[in-house]
1. Where does segment 1-155 land on the Kirkwood hydrodynamic radius, alpha-carbon pairs, in angstrom?
2. Setting aside same-chain residues fewer than 8 positions from residue 51, which aspartates and glutamates have a Cα under 18 Å from its Cα?
3. Of 22/44; 140/176; 44/157, which pairs sit farther than 23 Å apart, going by alpha carbon to alpha carbon?
4. Could you calculate, for the chain, the ratio of the Cα radius of gyration to the Kirkwood radius, expressed as Rg to Rh?
5. To make sure I understand the rule: partners must be aspartates and glutamates, Cα under 19 Å from the Cα of residue 156, and not fewer than 8 residues away in the same chain. Which ones qualify?
6. Could you grab the relative contact order for segment 101-278? Cα pairs under 8 Å, six or more apart, rounded to a whole percent.
7. How about segment 161-269: which chymotrypsin sites (Phe, Trp or Tyr not before Pro) there lie in a loop by DSSP and see at most 12 other Cβ atoms within 10 Å?
8. Take the alpha carbon gyration tensor of segment 99-204, find the square roots of its eigenvalues, order them as a ≥ b ≥ c, and report rounded if a/c is under 1.5; if not, report prolate when a/b exceeds b/c, else oblate.
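Every read-out reported here was derived from the displayed coordinates using simple, explicitly stated rules and does not represent laboratory data. Note that the structure is predicted; figures quoted are calculated from it, not measured. Every residue, glycine as well, gets a Cβ built from its backbone with ideal geometry; the counts of neighbours run over all protein chains shown.
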Amino acid sequence: MSFQTTPKEYSRLIKLVQGRYKALHALTLTRGQAECIYKYEADKNLESKDKDFLQWEEYDFEWATYKDILTSDQFEMYEADLKTRLRNYESALVEEDNRKFHEIEYNQSLLTILEEKILPDCLNQAAAVKLTGLFQETTKIDFLKAEYKRYLNATKKMLLVDHFRFARTCMPNLLKITLLQHKLDYIWPNYFQFNQWMDEPTRATATYLRQKLYYIQDKIYDHVKTKFAELTTLNEENYRRHWGDRNGPQVTFGPSTPEDRRDHLLMSLLLLDKDQYGWQE
């Protein structure tokens, strides 16, 4: 299949660019300028599976491109318009951020529930796991916990970079929410996501320990499963307190089979750290 544009169609597209910039930005473009902007827009809209411009980056790309295309008078008009668009975008982010106080309170309450009502009992169960099935595997457990700490650090850095790429300094409440949600992974290890991140030596150690956990008494797993059922109930009450009843079904991510759920819950229990991996906001 050919994607080549005919000369007639190309001329029509260039005229559309000229008309659009005249109407939206009061800029009268020459054909050569319109052709350059047409190419810029094509580059900006190139398809990519995992990369796209954030709004700030798109504005920066636009500014750098237009500086070489427009005359000095045209560029002055363009910059005035760009500053207005930037102010409007920043104002929209700030307005959105100001509506997030309920979300901060909800996440703070969830952390309190986890720390006060779930964690103490689970720490006792974690100690029981090590005593009953893994008392000779301290070195491997310590290695896996050190790798989990590396995962937490890498994830926190990614979250911070992504936040400031997206929001700069316009959304401090969103940053608080992001860090509160990340703190959950310090309190209760997220083995499901950790498992996606592991390198091969770490995965080999995790697989070895997971196989050992096969022999752990069911009563330990059942007890922790019961605690997490309690957490689900308490968090539903927490949700209703802040937002009311949920609308529609809730989408969840994680292990899908009973066997995987058992493995992931017990591995999270094994990674549990009484010092919460040195959490610092």
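1. Kirkwood radius, segment 1-155: 21.8 Å.
2. 41, 43, 60, 62, 162
3. On the way: 22/44 20 Å; 140/176 34 Å; 44/157 27 Å.
With Cα atoms farther than 23 Å apart: 140/176; 44/157.
4. On the Cα set of the chain, Rg over Rh gives 1.14.
5. Straight-line reach from residue 156, under 19 Å: 147, 185, 199, 273, 275, 281.
6. 47
7. Details: sites: 164, 166, 186, 191, 192, 194, 197, 208, 214, 215, 221, 228, 239, 243, 253; in loops: 214, 215, 253.
Of the chymotrypsin sites (Phe, Trp or Tyr not before Pro), the ones in loops of segment 161-269 whose Cβ has at most 12 other Cβ atoms within 10 Å are 214, 215, 253.
8. It comes out oblate by the Cα gyration axes.
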